[in-house]
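The values are calculated or read from the model by the stated rules, or taken from the named source; none is laboratory data. Predicted model, so just to flag it, every value in this text is computed and none were measured. Quick reminder, even Gly has a Cβ in these numbers, built from the backbone with ideal geometry, and neighbours come from all protein chains shown.
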Protein chains: 2
Amino acid sequence: MTEQKATNVTWHDHRVTKADRFALKGHKGAVLWFTGLSACGKSTVANTVDHLLHEKGKHSYVLDGDNIRMGLNKNLGFSADDRAENIRRIGEVAKLFAHAGNFTLTAFISPYKADRDKVREILAPGEFIEIYVNASLETCEKRDPKGLYKKARAGELKGFTGIDDPYEAPDNAELVLDADNKGIDELAQEVVDYLEAKGYFAA
Amino acid sequence: MTEQKATNVTWHDHRVTKADRFALKGHKGAVLWFTGLSACGKSTVANTVDHLLHEKGKHSYVLDGDNIRMGLNKNLGFSADDRAENIRRIGEVAKLFAHAGNFTLTAFISPYKADRDKVREILAPGEFIEIYVNASLETCEKRDPKGLYKKARAGELKGFTGIDDPYEAPDNAELVLDADNKGIDELAQEVVDYLEAKGYFAA
C-alpha cells in the first residue's frame, strides 16, 4: 500500500495554516476574555461588541453561559475543581475559535487569577486580551437582575463570588472598563477601538 | 439602577443570530463528522476537504486528535466513559463552530453508533453530515502508519478498535466514501460536491 505514504506527504501540504485562516477572515483572531463580578455587565458588553464587530464584517463569536453551561460544560457543577475545569475547557475552545480566525468573546466571572493566567499561557502573545469589567460590588448588588446576590446574602447560595467567595481582580488586564460610570455602548466601543488601535483588524 | 434594565432590553437586540453569521460567511455552517477505523484516511480526507473549502473562500475548521487530545480533552483517557465523554465534548464544540457559520470537520474513529447519534441529536436537521470513511480492516492494517495495529495484535494495546473493540459502522451516513478503492483527492472532492449539491454553499 504505497497510497498511505503518499497521503502522509500531502497531509502537511494540505493543512490550512493559522495565517491562511486570518487572511481569509481579513483580520487576526484573538480571545477577548471578559471577567468581572456577577451582574457587572460582562455578557451584555461582550454581546454588544460581537454585534459591532459583525456589523463591520469581522468574524466573531461569543462563548457564554447560554451556550457553554447547557452544552460542553453541562456535566460540571460549582465545586473548586469543577470551576477550574469550566474555565480550562472554555479557554481551550476559545483558543480553537481564535486560531480559526475569530474574535472569540468569553463572558464568565472567572474569579481566580490562576485560572485566567492558565488560559493566557496556552495562547500566543497578543492572542489573549483580558478585559476587566470593573463594577463595584455595590453597583452589582443593586442591579442584581436575577436576585442572586439577595439569595447569597440570605445564605441560600453558597460560594457566591463577591459575597462568600473571592473575586481576584486582574492586575495586568489589557483593558479595564469602568462599568460603574459608563454605559454599555460606550464600553463596547472602547473594546472595538482597542482592537483597531492594536492592529487586529489587519490580517 | 435603571441602567441594567435598559441593558437587558438591548441584549436581545444585539445578539447576532445564526442566520446573521451564515450571511456574513456567505454559506451555511454544518458539522462534517468523519468516522472510520484507525488509518482509514479520516484525517487526511478531512484536511484535504478543509483545504479545498478554504481555496473556495469557504470558512472551515478541522477538529482532530492534534488539537483536541492535547487540549480540550487532555484529561480524558480511553475507558468507556472517557471515550463517550471525548465524543460528547467534540460534538458540543463542533456544534458551536457550525453555529458560528463554519464547515466543521471532525476526524475521530468514533466507533460507537450511540455516541455519534447523540451528536446528531444536538444539531438541527441538515447540520450533521455523517461521513463514513469505509476502508476494510485489512486495508487499514496493511497501512498501519503508526504501527498501532501491530501493537494491538501483539496485545500491547488493549481495546483497539477493529481488533478487540468493535467498530459500529453507520447505517444512515449521509456519505459513504470508498477508501479501499479511491484516492484521497477523489474522496475529498466527493465531499465538496455533496455540500454544493445540497445547497450548503448558499447562506
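Points to keep in mind about this one:
- Filtering the range A:41-63 to residues that are touching a strand residue (DSSP E or B) at 6+ places or on another chain (Cβ under 8 Å) and among the charged types (D, E, K, R) leaves A:Lys42, A:Asp50, A:Lys58.
- Residue list for the range B:37-87, restricted to those being in a loop (DSSP other than H, G, I, E, B), more than 9 Å from every other protein chain (Cβ to nearest Cβ) and among the aliphatic types (A, V, I, L, M): B:Leu37, B:Leu76
- A:Asn134 being touching a His at 6+ places or on another chain (Cβ under 6 Å) and at pLDDT 95 or above: no
This table checks each residue for (1) over 30 Å from A:Ala179 (Cα atoms); (2) surrounded by 24 or more Cβ atoms within 10 Å (Cβ to Cβ); (3) modelled with pLDDT under 95.
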position: B:Asn8; (1), (2), (3): no, no, yes
position: B:His12; (1), (2), (3): no, no, yes
position: B:Arg15; (1), (2), (3): no, no, yes
position: B:Ala23; (1), (2), (3): yes, no, no
position: B:Gly26; (1), (2), (3): yes, no, no
position: B:Val31; (1), (2), (3): yes, yes, no
position: B:Val45; (1), (2), (3): yes, yes, no
position: B:Gly57; (1), (2), (3): yes, no, no
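- Only listed residue being acidic (Asp, Glu) and modelled with pLDDT of 95 or more, chosen from B:Asp50, B:Asp81: B:Asp50
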